[in-house]
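Engineer: Got a structure for you, written out below as structure tokens; questions coming shortly.
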Amino acid sequence: MLSWSEKYRPRRLSEVVGNEKAKHELIEWAERWINQDPGRKPAILYGSAGVGKTSAAHALANEMGWEVVELNASDQRTAAILKKVAGVASSSRGLLKGGFRLIILDEADNLHGTADYGGSREILRIIRSAQNPILLTANDLYGISKAIRDECDLIQFKAIRKSTIVAQLKRICKSEGIVCDELALKEIAEGKHDLRSAINDLQAIAEGKSRITINDVVTGLRDRKESIFNLLSLIFRGEDMEDVFKASYNLDETPEALIHWIDENLPRQFSEDALARGMSYLSKSDRFLGMVKRRQNYRFWRYASFLMICGVIQAISGAIDHDRRFVRYQPPSYFRKISQTRGKRRLMIELGLKIAKATKTDEEYGRLRLIPLLREIFRDMDRAAAITAEFELTQDEVSLILGEKGKKRAKEIVKLAASIREERKMEEEEGVMEGAGVITTSSDRVEAQSERSERGGGQKTLFEFG
Ligand SMILES: Nc1ncnc2c1ncn2[C@@H]1O[C@H](COP(=O)(O)OP(=O)(O)OP(=O)(O)O)[C@@H](O)[C@H]1O
């Protein structure tokens, strides 16, 4: 069955509710392309999930009569594929009326996985030579590299107001022939800022009903929220393996998320042998999750789920009678850490790429091996400044290399690096002048040379110790 969020995906910009300013900016942006305005650029539509960014992009293309070439997160966005698909699309004009192809790159803030290696650079190349309009969408604007951001127009999609959500839900109910009181719709919209999740909740609650009341909503929403807690309690109570495994089919979470829930809560409920055995099943399960990632083969999810659910039930079977105490399950702390360190990890990857480029190695080597080495080398201020100048590192990147409490030192290093770069530029200019015969006398040269050594420039090699 088609999900309602797909069924009711807006086809025209006027059907995209809310975000009037963003829609207006989008139309102006499209006009710049139509008029071949010299200031036309690709654009980034950014804002939280489910507020209509992708829908607006498609609706725009539909209204303009533009063909759409779309790459989304599930595509293997290797640089090679990007080159083939987006490269072709961005250099040759479409055939339909309007004459453009609109290239939509969904989740452009998610370009850092292995599959996307090199993708960021490729996108930059494509947007620089674009002959067709390109729209990137992103939840996190700062998840897109600065280089790309600088080359794009930015259009923000804001959270959708509760009243707007309610009005849209009302329209859907009407079209589905469902009688629904306003209070129930308000309850669904409560605390939400996007339409996708509101529509999904409405559909789940309305299934098999021709009328929805506030009670249906309250119980419906509670059931959905509790499903992960229910599953955990079925596992930890050691219920029938087959039943629990089947119950997991209805869970609105991936095995990748479920393993974190089990991992977080298993030690809260069990200890010693049962815990050790349970953890060993989780580690086996995790290997299959790794295979899913590496090979992009989702069939392994089944084995992973089997091991984390049935394996854990098996592992704790002897301990259940001892461990019947009530435990309040907690969401995985891993999720919290991930969201807290997201920006830092991204910066780390960008730094790895920069170092890799400068040292002709790869990103992983740069990040895992060379950053720790640089941390040691950076104890020496002069060398730190020389490398910073050579690699063109920013203050944030130097701070990252220095680690905790390195902020102040990073500032000094970057300042010194700037003066080294300045000095080098002067030296180059002097060289040119010398070549052109401007500095002719030997005393001029001696003066220039002694000035340089006074400033201490150009004496040490970058990685020289001691
Ligand atoms: N502003 C809107 N007007 C009408 N429907 C919307 C709007 N926003 C979201 N929807 C509904 O939610 C669904 C998902 O929206 P869409 O894919 O456009 O969101 P998005 O902002 O691109 O999210 P993501 O960042 O996850 O890609 C649409 O198919 C539509 O049913």
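Engineer: Identify, please: which residue in the stretch 170-193 is buried (at least 18 other Cβ atoms within 10 Å of the Cβ) and under 29 Å from the mean Cα position of the chain (by Cα) and is, among those, nearest to the ligand (Cβ to nearest atom)?
Structural biologist: Here the residue is His193.
Engineer: Hey, does the stretch 98-107 have a residue that's more than 12 Å from Pro133 (Cα to Cα) and modelled with pLDDT of 65 or more?
Structural biologist: Checked against the condition, which is being more than 12 Å from Pro133 (Cα to Cα) and modelled with pLDDT of 65 or more, the stretch 98-107 yields at least one hit.
Engineer: Is it true that Phe157 is at pLDDT 90 or above and not hydroxyl-bearing (Ser, Thr, Tyr)?
Structural biologist: When the stated conditions are applied, Phe157 passes them.
Engineer: Separate question: May I ask you to list the residues in the stretch 135-149 that are in a helix (DSSP H, G or I) and open to solvent by less than 10 Å² (accessible area, probe 1.4 Å)?
Structural biologist: The answer is Gly143, Ile148.
Engineer: Any chance you could count how many residues in the stretch 166-192 are touching an Asp or Glu at 6+ places or on another chain (Cβ under 8 Å) and among the acidic types (Asp, Glu)?
Structural biologist: Residues that pass the stated criteria total 0.
Engineer: Looking at the structure I just gave you, is Asp194 under 30 Å from Phe100 (Cβ atoms) and not assigned by TED's automatic domain parsing to the domain that holds Trp29?
Structural biologist: It is true that Asp194 is under 30 Å from Phe100 (Cβ atoms) and not assigned by TED's automatic domain parsing to the domain that holds Trp29.
Engineer: Can you run down the residue pairs with Cβ atoms below 8 Å, 6 or more apart or on separate chains, where the first is in the stretch 247-263 and in the same structural domain as Tyr281 (by TED's automatic domain parsing) and the partner is assigned to a loop (DSSP other than H, G, I, E, B) and of a type in the set (D, E, K, R)?
Structural biologist: Listed pairs, sorted by first residue: Trp261/Glu253.
Engineer: Taking helices (runs of 4 or more DSSP H) that do not extend beyond the stretch 354-458, which have at least 1 residues that are modelled with pLDDT of 90 or more?
Structural biologist: 371-377, 381-391, 395-402, 407-435
Engineer: Among the residues of the stretch 1-41 satisfying the criterion of being more than 24 Å from Gln203 (Cα to Cα) and β-branched (Val, Ile, Thr), which is modelled with the lowest pLDDT?
Structural biologist: Ile34
Engineer: Glu67 - would you say it is within 24 Å of Lys162 (Cβ to Cβ), assigned by TED's automatic domain parsing to the domain that holds Arg128 and away from the ligand (no atom under 11 Å from the Cβ)?
Structural biologist: Answer is no for this residue.
Engineer: Looking at the stretch 17-42, which of its residues are open to solvent by less than 10 Å² (accessible area, probe 1.4 Å) and within 14 Å of the ligand (Cβ to nearest atom)?
Structural biologist: Ala22, Leu26
Engineer: Residue pairs, Cβ under 6 Å, 6 or more apart or interchain, first in the stretch 42-59 and assigned by TED's automatic domain parsing to the domain that holds Asp109 and of a type in the set (S, T, N, Q), second within 7 Å of the ligand (Cβ to nearest atom) and open to solvent by less than 10 Å² (accessible area, probe 1.4 Å). List them.
Structural biologist: If the second residue must be within 7 Å of the ligand (Cβ to nearest atom) and open to solvent by less than 10 Å² (accessible area, probe 1.4 Å), the pairs left are Thr54/Thr137; Ser55/Val16.
Engineer: Can you name every residue in the stretch 194-223 that is open to solvent by 80 Å² or more (accessible area, probe 1.4 Å) and within 16 Å of the ligand (Cβ to nearest atom)?
Structural biologist: Arg196 - this is the single residue of the stretch 194-223 that is open to solvent by 80 Å² or more (accessible area, probe 1.4 Å) and within 16 Å of the ligand (Cβ to nearest atom).
Engineer: Say we look at the stretch 323-353 and pick out the residues that are surrounded by fewer than 17 Cβ atoms within 10 Å (Cβ to Cβ), assigned to a helix (DSSP H, G or I) and charged (D, E, K, R); which of these is nearest to the chain's Cα centre (by Cα)?
Structural biologist: Arg342
The values are calculated or read from the model by the stated rules, or taken from the named source; none is laboratory data. All of these numbers come straight from a predicted model, not from anything done at the bench. So basically every Cβ, Gly included, is an ideal-geometry build from the backbone, and we count neighbours across all protein chains shown. When the accessible area is computed, the model is the full protein with side chains, heavy atoms only, and any ligands, DNA or RNA have been set aside. Shrake-Rupley method; radii C 1.70, N 1.55, O 1.52, S 1.80 Å.
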